[in-house]
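These notes concern the structure reproduced below.
The values are calculated or read from the model by the stated rules, or taken from the named source; none is laboratory data. This structure is a prediction, so every number in the text was calculated from the model and none was measured. When we count neighbours, we look across all protein chains shown, and the Cβ atoms used for this are built from the backbone with ideal geometry, even at glycine. Quick note on the areas: whole protein, heavy atoms, side chains included, nothing else; ligands and nucleic acids left out. Shrake-Rupley method; radii C 1.70, N 1.55, O 1.52, S 1.80 Å.
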Amino acid sequence: MAVDYTTHDGVAVITLNNPPVNGLGLSTRAGIVEGIERAQNDPGIEAIVLTGAGKAFSGGADITEFNTPKATQEPTLATVIKIVEGSAKPVVAAIHSVAMGGGLELALGAHYRVAAPGAQIALPEVKLGILPGAGGTQRLPRAIGLEAALNMIVSGTPVMSEKLADSGLFDELAQGDLAEAALAFARKVGAKEGPHPKLRDRRIEHPNAAGFIQFARNSVAAVAKHFPAPHKCIDAVEAGVQNGFDKGLAFERECFIALVQTPESRALRHAFFGERAASKIPDVPSDTPVRDINQVAVIGAGTMGGGIAMNFINAGIPVTLLETRQEALDRGLATIRKNYEASVRKGKLKPEALEQRMALITPTLSYDDLKNADLIVEAVFEELDVKEQVFRRLDEVAKQGAILASNTSTLDVDRIAAFTKRPQDVVGMHFFSPANVMKLLEVVRGRETAKDVLATVMKLAKKIRKTAVVSGVCDGFIGNRMIEQYIRQALFMLEEGALPAQVDRAIEKFGFAMGPFRMSDLAGNDIGWAIRKRRYQEHPDMHYSKIADRLCETGRFGQKTGGGWYDYKAGDRTAYPSKVVDDMIVAFSKEANAGRRKISDEEIVERLVFSLVNEGAKILEEGIASKASDIDMVYLAGYGFPLYRGGPMLYADTVGLYNVERAIRRYAAQPNGDAWQLASGIAALAAQGRGFNG
Ligand code: 3H9
């Protein structure tokens, strides 16, 4: 049973008991109604307390039920709340830990609310691409006022219960035991004559409601360009202000039904569950014991090493930072300090916290100082010989049980592990630059990586607030292996008739934060050049456009050299189309005897995105990623894929794999078509009418 019912001297206590977060699924909803009716029919009961067992009052509607028959099956949440609100005996919501979404809406339907301090109160529906659909847009403004409510509804951000103590939301903030306080409160109001207060009867008072609503509209316009939900939140609140509670409620319902079916909401829900699913590794049980990580060491104080060190320091974990030369160490420390100073200037970090964080770093030039580290992350030059030296040395100095991690982005983690006598302790931790900012962490599982090492790193990733995704060993792991195909297509399209600015514009319009050419100019074109040179040796059969090599031969490595695919002016990061480069591209096509043609924006987007999808499908087939949503999380967290499209694999599902397959076959028949080898998984799923995500 998802709801418990007990009685305590004239008070009925209805306790939601649906772990992990008391989601308001069908059986929980039915249980609440049953409890309310039982209490009504019991003459010995004078009041009702509604609360949640475990770690939440309620996390809201059960999101897994959305778009299934259960979501609309009676009693719906709206019906439950109506019954709670209509109860002749007063209902007191006893709120603790988490009251979010439908959970808060349920509490708003109660006649009284008693809260414990430290509870997270939110209407976070907007983050799932929907709006509060069980009266939240109508009752919250009546409880805490138009401005505060609209801020909470449009942002979805949790507010601590103690901050809302004087807002009108709670009748009491319990100082001691919440259950005791709620029972005492219930007895008090149970003794009172009804009717008991209902938020729906309150008026929304505001001196200039129309003005504030317009202000809210202007504020969300820019940030919510691709998301309909924030606009609908405002519309629904406005409907209640203008037309009263019942009409506002009906309008809110209409908006909810429409929004829950949008691709944007599907994408956001996919991201919510995908992020949580990424931390679950199929053959590593959730109760796998983890190793203690109290002391970390980072080898290399360059941009990457410094950024990696900051992640641990920010989480309060001391870091020993090792370099080979004093100047490099000093430079690395100065950069870390500069980053923190910038955060202080922006008001994101308290000045005293800066020194506290710097004090957590122990700089050193000696490997002997790494002997107490529980985790050592190597961030040295990306050459196997250099890694070999480091790992052989680590094998000598690291304590037994220490986790030895490599930040390699391309090298074979199994070979690196083989430099030690403890390959089970070796794992890849591929951070993305700037490592202190980027959310993504690819955790590379070697052939011999121990399960408890993986479990430990995944847990640690949560602590340092990364989206961690496990990848098997292959060239480029998940993210870079896919992006290579994307870049390959971008370069072929230059050869065939497009120019960098057109390609970037088309894919940025699709929603990418940055097109491939602006991205390459930012990262440095020499990096891709070095990788291609390696490819030419290792895979001489692999066909690449040589157009980027031509660019690199002229020394145009990107922003750092003042020119790449674009021209740059000193102190200005704007990418200006370059006549020199565009002429070079046209000349190159001529030399290669590749007739130039007009390439449509649609073709650009399809070739770029489907090249990711095709490689992603191969990555799944090979077991490099264990599920499609893991690939999407890599692309959302690390590669600027538009969140409202949910990642390449979900996007492919939205387009339909039948259509993806047809497009790939079409491109395979064009010049440079040898780059397209259709992944068998796409054809198989398309034939069954299925998608990557079921
Ligand atoms: C809504 O209410 C609509 C209504 O307005 C209208 C209806 C008509 N449903 O995050 P965690 C799972 S929309 C289903 O790791 P934490 C989660 O997937 C809802 N499942 O824990 C995970 O499962 P697993 C509005 C849910 O302690 C497990 O619980 N509410 C839901 O770090 C633990 O989650 C929200 O948007 C749910 N609603 O954080 C709240 N919530 O273990 C979304 C969680 O299998 N939830 N799960 O991976 C959260 O923000 C956090 O989960 C919460 C707990 C703060 C509650």
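With every protein chain in place and a 1.4 angstrom probe, the accessible-area ranking of H206, H430, largest first, reads H206, H430. Sorted on the mean count of surrounding Cβ atoms within 10 Å across their residues, most packed first, peptides 173-186, 666-679 read 173-186, 666-679. Only protein atoms count toward the accessible area here, which uses a 1.4 Å probe; on segment 448-542, the carbon and sulfur part of that area reaches 55 percent.
Note on segment 79-235: dipole from Cβ charges, positive end direction compared against P124, A94, A134; the farthest Cα belongs to A134. Straight-distance candidates among the lysines for linking to K371, with alpha-carbon spacing under 21 Å and chain neighbours fewer than 8 residues away dropped: K387, K399, K421.
Each principal axis of the Cα cloud of the chain was evaluated for its coordinate range; sorted largest first, these ranges are 89, 61, 50 Å. Protection proxy ranking, highest mean first, for peptides 647-655, 460-468: 647-655, 460-468, where packing is the per-residue count of other beta-carbon atoms within 10 Å, averaged.
Once the Cα atoms are used to define both axes, helix 657-668 deviates from the longest principal axis of the chain by about 10 degrees. Farthest towards the positive end of the charge dipole of the chain, among the residues L164, G10, T574, is the Cα of T574, using unit charges on the Cβ of Lys, Arg, Asp and Glu.
Of the solvent-accessible surface of segment 1-64, computed with a 1.4 Å probe over protein heavy atoms with every protein chain present, carbon and sulfur atoms account for 50 percent. In this structure, the residue pairs whose Cα-Cα separation is over 19 Å, taken from K350/K462; K127/K225; K280/K466; K439/K618; K225/K509, are K350/K462; K439/K618. Within the same chain, aspartates and glutamates fewer than 8 places from K598 are excluded, and of the rest, those with a Cα less than 13 Å from its Cα are E495, E496.
Using heavy atoms of the protein chains and a probe of 1.4 Å, the accessible area assigned to D632 is about 0 Å².
Close amide H pairs (under 5 Å, H built 1.01 Å from N) link V3 with N17, residues at least 5 positions away or on another chain.
Using the Cα centre of segment 487-634 as origin and beta-carbon charges of +1 (Lys, Arg) and -1 (Asp, Glu), tell me which of I619, A530, F510 is placed farthest towards the positive end of the dipole. The one lying farthest along the dipole's positive direction is A530. Each Lys or Arg adds one and each Asp or Glu subtracts one; over the other residues with Cβ under 13 Å from the Cβ of L349, this totals +4. If you line up the long axis of helix 601-621 against the longest principal axis of the chain, both from Cα atoms, how many degrees apart are they, to the nearest 10? Rounded to the nearest ten degrees, it is 90. Taking a straight line from the alpha carbon of K198, these lysines sit under 22 Å away, with near neighbours fewer than eight places off in the same chain left out: K82, K89, K188, K247.
Rounded to the nearest 10 square angstrom, D235 shows an accessible area of 40 square angstrom against a 1.4 Å probe. For segment 291-392, the share of accessible area belonging to carbon and sulfur comes to 49 percent (1.4 Å probe, ligands and nucleic acids excluded).
Restricting segment 13-89 to trypsin sites (Lys or Arg not before Pro) that sit in a DSSP loop and have at most 16 other Cβ atoms within 10 Å of their own Cβ leaves K55.
A 1.4 Å probe run over the protein chains yields, for the chain, 43 Å² of accessible area per residue, whole-number rounding. Tally the DSSP beta bridges in the chain and give the antiparallel ones as a percent, rounded to 5. Taking every DSSP beta bridge with both residues in the chain, the antiparallel ones total about 30 percent. About its Cα centre, the chain has a charge dipole of approximately 860 debye under the convention of +1 per Lys or Arg Cβ and -1 per Asp or Glu Cβ, with nothing else charged.
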